[in-house]
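Trainee: Right, I'll just put the structure down here and ask away after.
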Amino acid sequence: MEETKKTPQYNLIGAILFSIAALFGIISIISRLAHGYVTNGFAVLYTIQSAIYIGGCIVLAVSLFQKRGDILTLIGFALLTAASLLALCFDLKYGIRSLLPDLLDLAGYLGALAIALTFFTAYIPQYRDKAIKLWFVPSALIAGQVIIGFFIWIVVTIIGGGYHVGFWQTMLSAASILFACMWIVYPEGMPHKQYTESPNNADYTAAAAVPEDRGYFELAAHVLLLLFTCGIWYYIWIYRMTEYLNRIEDEPPRNPVTKLLLCLFVPFYTIYWVYKSAQRIDKLAALKGVQSDLSTLCLILAIFISILPPILMQDKINSIIRSGVNTDAGPQGDTHTADSYQMQTNVDIPEELKKYKELLDNNVITQEDYDAKKKQLLNL
């Protein structure tokens, strides 16, 4: 019996969010006028910028309500981009404190406008495939203002002064753009994979296509990026790890985009993601004959010291990949048995040596690992 497909109402959710954003903007302007804050040229210009933002929200709300994939949608995104650009110009007097968040805000609205242009005009259709892959980036950039703003707030508080982090307004804007872009790219709903009872079905083809060494990343660079990118690298790493850990065949594949968005917008979801991903790393380590018991430790650390789990998990992934010289031995790790020798006689030795030489050149394995594998293959 064929099930009736229910189309998600991304456009309706986005329209409601834009309507709320416009309402809050109108209330803010009325309050400013009522208290007599619009008394100089700068305040007037700031009010005009707010009015442009409100206009963009209203236009997009109408467009999404009516499912208008046309010039009206483009006008809405253009107005929001113009408002963001004006805010950037106005806030330059505050220096870098406002420059970095404003640049992220402007990049997010420009990205949303670019996605709309690829789908609703004939100017840049060649970028449509890239837009489908990166549709969530504009929302993530806008939400990134919270992370950058919080970091700046800490620094400014220490050295003296003040800085306001508009958390709810920023997250409302990010959520609005998220559902708007989701409707543009997936008007009939995001595609879902169909799973069968067998774990070794075709759904794992995409996971298997990810190279074995894709999960490797230099630990020192990983730690530095975690410390000095204000959380941005952490979310990039979450996307990479989600994609890489889909290679566990007795676990259903996870959509890296979905997991990234959940970690960004759902409080405490990152803790759950860390725990489940650490479990997958433990399973992968067992398959490769590497000792690992990360899941419980990473769960505890994710609650209290959140920067440590990604370091421990990446280090374990690196160890698993470096142990590739023993992957054919299985969990037992005995490479000197008769069965292991029989397996070696059935492999293309020059091809195997070439593969491990490439891993050595890419710094995935060490010289000692390469020499050990060479001796094993040549039976020295």
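The values are calculated or read from the model by the stated rules, or taken from the named source; none is laboratory data. This is a predicted model, so every value here is computed, not measured. Note that each Cβ is placed from the backbone with ideal geometry, even for glycine, and that neighbours are counted across all protein chains shown. For accessibility, only protein heavy atoms count, side chains too; no ligands or nucleic acids. Shrake-Rupley method; radii C 1.70, N 1.55, O 1.52, S 1.80 Å.
Trainee: Residues of region 124-136 being under 18 Å from the mean Cα position of the chain (by Cα) and open to solvent by 50 Å² or more (accessible area, probe 1.4 Å), which ones?
Mentor: ASP129, LYS130, ILE132, LYS133, LEU134
Trainee: Right, another one. Which pairs have Cβ atoms under 7 Å, sit 6 or more apart or on different chains, and link a residue in region 32-58 that is under 18 Å from ALA174 (Cα atoms) and open to solvent by less than 50 Å² (accessible area, probe 1.4 Å) to one that is outside any helix (DSSP H, G or I) and at pLDDT below 85?
Mentor: none
Trainee: Scan region 158-188 for residues that are more than 24 Å from TYR53 (Cβ to Cβ) and at pLDDT 75 or above and jot them down.
Mentor: First, pick out the residues of region 158-188 that are more than 24 Å from TYR53 (Cβ to Cβ): 158-161, 186-188.
Once the filter is applied, which keeps residues that are more than 24 Å from TYR53 (Cβ to Cβ) and at pLDDT 75 or above, region 158-188 yields TYR186, PRO187, GLU188.
Trainee: On the basis of being touching a residue at least 24 places away in the same chain (Cβ under 8 Å) and aliphatic (A, V, I, L, M), does LEU225 make the cut?
Mentor: In short, no.
Trainee: Looking only at region 141-157, filter to residues that are at pLDDT below 85 and in contact with a Phe, Trp or Tyr (Cβ under 8 Å, 6 or more places away or on another chain); which one of those is surrounded by the fewest Cβ atoms within 10 Å (Cβ to Cβ)?
Mentor: Here the residue is THR157.
Trainee: Within region 227-283, track down each residue that is polar (S, T, N, Q) and under 16 Å from LEU301 (Cβ atoms).
Mentor: THR270, SER277, GLN279
Trainee: Out of everything in region 287-304 that is open to solvent by less than 20 Å² (accessible area, probe 1.4 Å) and farther than 18 Å from SER323 by Cα, what residue ends up being nearest to the chain's Cα centre (by Cα)?
Mentor: Selected residue: ALA302.
Trainee: For region 118-136, enumerate the residues that are free of Cβ contacts under 8 Å to residues at least 60 places away in the same chain and either of a type in the set (Asp, Glu) or assigned to a helix (DSSP H, G or I) (or both).
Mentor: Listed by number, the residues that qualify are THR118, PRO125, GLN126, TYR127, ARG128, ASP129, LYS130, ALA131, ILE132, LYS133.
Trainee: Say whether the condition of being of a type in the set (Phe, Trp, Tyr), at pLDDT below 90 and either surrounded by 17 or more Cβ atoms within 10 Å (Cβ to Cβ) or at negative phi (or both) is met by at least one residue in region 236-256.
Mentor: Scanning region 236-256, I find no residue that is of a type in the set (Phe, Trp, Tyr), at pLDDT below 90 and either surrounded by 17 or more Cβ atoms within 10 Å (Cβ to Cβ) or at negative phi (or both), so the answer is no.
Trainee: Among the helices (runs of 4 or more DSSP H) lying completely within region 225-290, list those that include at least 2 residues that are out of contact with any helix residue (DSSP H, G or I) (no Cβ under 8 Å at 6 or more places or on another chain) and over 22 Å from LYS133 (Cβ atoms).
Mentor: Qualifying helices (runs of 4 or more DSSP H): 269-287.
Trainee: Check whether at least one residue in region 194-209 is open to solvent by less than 50 Å² (accessible area, probe 1.4 Å), at pLDDT 70 or above and more than 16 Å from the chain's Cα centre (by Cα), and report yes or no.
Mentor: Within region 194-209, none of the residues are open to solvent by less than 50 Å² (accessible area, probe 1.4 Å), at pLDDT 70 or above and more than 16 Å from the chain's Cα centre (by Cα).
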